[in-house]
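Asker: Handing you this structure, nothing more for now.
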Amino acid sequence: MRISEAARSAGVTTKTIRYYESLGLITPARLGNGYRDYSPGDVRRIREIRELNRLGIPAGRTRPFLDCLDAGHEHADDCPSSLAGYRAAIDELTARIRALTERRDTLAARLREAAGRSFPHHDQEPIPMTDHTALPVPQDDGAARHLPGLPMPEIELAASTGDPVRPHALRGRHVLYLFPLIGTPDADLPDGWDTIPGARGCTPEACGFRDHHADLLAAGASGVYGLSVQEAAYLKGVADRLHLPYPMLADPGFRLAEALRLPTFEAGGRRFYRRHTLIIRDGRIEHAFYPVFPPGEHAGQVLAWLRGHRD
């Protein structure tokens, strides 16, 4: 068959076939008029080279596989030399993956370091929400009206401090504020985050509870906790950077939401807690703040409630 027919049959270009010939991998017969005549065997060799090339084995290193076919084997990788070719290709890919992984990790570390310099710290002012009027205000959709009076479920949540917390076992009056997520400059927020009512403002809220922590305890709270769907290790990093004096709880599986039918929402293909706060007294919900707005002032709102509901 002519070179154009061989190319169509093998799924390559005529230029590719000529390249294989230049490497001595394909040696078609010659007709009396000088034209190349490609056999079905040549087409099979071309296909084999193409497939191996797609796996990352250069055309010049496919000769052991072709020699295996020439030896009469049904498959090009039936010979020990072919298996050695596979191993060599795997070793090269492993080394390349290792180098790329090290490069990625170095870039990620530098990104975190650079982003951390702009992340708020204890000796800095909390990130203000100075123009909260420009953000959409969440409306009360009734999703938290059923909560007062409910007992906390018997679950254990991982905490940023490393010690698990059992909300149902808490004695006294405790503040548990739930928020969507706290981001860092090295991680993008879901698309359209600022347009979702109540989504923005988690860092100002966390800093507000930090700055009012002593006042909240003096007003009768036995403890303060933050909670989101983020992992405990991530929340520990946030707590360390913000120097939060209270634990941050992780509920990536929405165990609390499923047990209490807590309000949640979806954004960017992910599910998050809607911002709300529970006052837990002796393992039972005494009061629910919902919706919460503006987040940066919410700790003061909770403090006012505590002062107005002393025993």
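Asker: What does the charge add up to near residue 304, with Lys and Arg as +1, Asp and Glu as -1, over the other residues with Cβ less than 11 Å from its Cβ?
Answerer: Surrounding charge for residue 304 is -1.
Asker: Could you order 193, 305 by accessible surface area, starting with the largest, using a probe radius of 1.4 Å?
Answerer: Working: 193 10, 305 35 Å².
Ranked list, largest accessible area first: 305, 193.
Asker: Lys and Arg at +1, Asp and Glu at -1: add these up for the other residues within a Cβ distance under 14 Å of residue 98 and post the number.
Answerer: Summing Lys/Arg as +1 and Asp/Glu as -1 gives -1.
Asker: Could you give each residue of segment 261-275 its phi-based ³J(HN,Hα) in whole Hz, using Karplus coefficients 6.51, -1.76, 1.60 with θ = phi - 60°, and x for Gly or Pro?
Answerer: Using θ = phi - 60°, the values come out as 6, 6, x, 9, 8, 10, 7, x, x, 10, 9, 9, 6, 6, 5 Hz.
Asker: Would you work out if segment 195-306 is rounded, prolate or oblate? Take a ≥ b ≥ c from the square roots of the eigenvalues of the alpha-carbon gyration tensor; rounded if a/c is under 1.5, else prolate when a/b is larger than b/c, oblate otherwise.
Answerer: Because its axes are fairly even, with a/c under 1.5, segment 195-306 counts as rounded.
Asker: In addition: Tell me, what is the FRET efficiency for residue 54 and residue 270 to the nearest 0.05, using R0 = 22 angstrom and their Cβ-Cβ distance as r? Don't skip to the answer; put the middle values down first.
Answerer: Numbers: r = 35 Å, r/R0 = 1.58.
After rounding, the FRET efficiency stands at 0.05.
Asker: Could you list which residues have their amide H under 5 Å from that of residue 285, counting only those 5 or more apart in sequence or on another chain, with H placed in the peptide plane?
Answerer: 149, 150, 152
Asker: Over what distance in Å are the Cα centres of segment 216-282 and segment 14-81 separated?
Answerer: 62 Å
Asker: Moving to a separate point now. Can you work out the accessible area per residue across the chain, with the rest of the protein chains kept in place, probe 1.4 Å, in square angstrom?
Answerer: 53 Å²
Asker: Compute the helix-to-body angle for 298-308: its Cα long axis versus the longest principal axis of the chain, expressed 0 to 90° and rounded to tens.
Answerer: Helix 298-308 and the main axis of the chain meet at about 30 degrees.
Asker: A follow-up question, please. If I model a spin label at residue 2 and residue 35 as a point 7 Å from the Cα along the Cα→Cβ vector, what separation in nanometres do I get?
Answerer: Computed distance between label sites residue 2 and residue 35 equals 0.5 nm.
Asker: Now for a different question. So for each of 210-218, 80-88 I average, over its residues, the number of other beta carbons within 10 Å; can you give me the resulting order with the highest mean first?
Answerer: So the peptides 210-218, 80-88, ranked by packing, come out 210-218, 80-88.
Asker: Go ahead and run the numbers for FRET between residue 92 and residue 63, Cβ-Cβ distance against an R0 of 30 Å, rounding to 0.05.
Answerer: The computed FRET efficiency comes out at 0.95.
Asker: On to the next question. Could you check the spin-label model distance between residue 305 and residue 193? Points 7 Å from the Cα along Cα→Cβ, value in nm.
Answerer: 2.5 nm
Asker: Here's something else I'd like to know. Apply the Karplus parameterisation 6.51 cos²θ - 1.76 cosθ + 1.60, with θ equal to phi minus 60°, to every residue of segment 145-152 and state each ³J(HN,Hα) to the nearest whole Hz, in sequence, with x for glycine and proline.
Answerer: Computed from phi, the couplings for segment 145-152 are 5, 7, 6, x, x, 6, x, 6 Hz.
Asker: Between the helical axis of 232-242 and the dominant principal axis of the chain, each derived from Cα atoms, what acute angle in degrees is found, rounded to the nearest 10?
Answerer: Taking Cα atoms only, the helix is inclined about 60 degrees.
Asker: With the full set of protein chains in place, find how many percent of the accessible area of the chain is carbon and sulfur; take the probe as 1.4 Å.
Answerer: 50 percent
Asker: How much solvent-accessible surface does residue 5 expose, in Å² to the nearest 10, with a 1.4 Å probe and all protein chains in place?
Answerer: Counting only protein heavy atoms, residue 5 exposes about 80 Å² to solvent.
Asker: Got a sec? Which residues in segment 147-186 would a label at residue 254 touch, if it sits 7 Å along Cα→Cβ and we count backbone N under 14 Å?
Answerer: Only 180 pass the distance filter.
Asker: Next question. Please calculate the 1.4 Å probe accessible area of residue 20, with all protein chains present, and give it to the nearest 10 Å².
Answerer: Accessible area of residue 20: about 10 Å².
Asker: For residue 140 and residue 83, calculate 0.36 nm times their separation in residues minus their Cα-Cα distance, and state this gained length in nm to one decimal.
Answerer: Here the answer is 13.9 nm.
Asker: Here's another thing I want to ask about it. Given a Förster radius of 30 Å and the C-beta distance between residue 13 and residue 101 as r, what FRET efficiency does 1/(1 + (r/R0)^6) yield to the nearest 0.05?
Answerer: 0.30
The values are calculated or read from the model by the stated rules, or taken from the named source; none is laboratory data. Predicted model, so just to flag it, every value in this text is computed and none were measured. Heads up, the Cβs are rebuilt from the backbone with ideal geometry, glycines too, and the neighbour counts pull from every protein chain shown. Side chains are part of the model used for accessible areas, which takes the heavy atoms of the whole protein and leaves out ligands, DNA and RNA. Shrake-Rupley method; radii C 1.70, N 1.55, O 1.52, S 1.80 Å.
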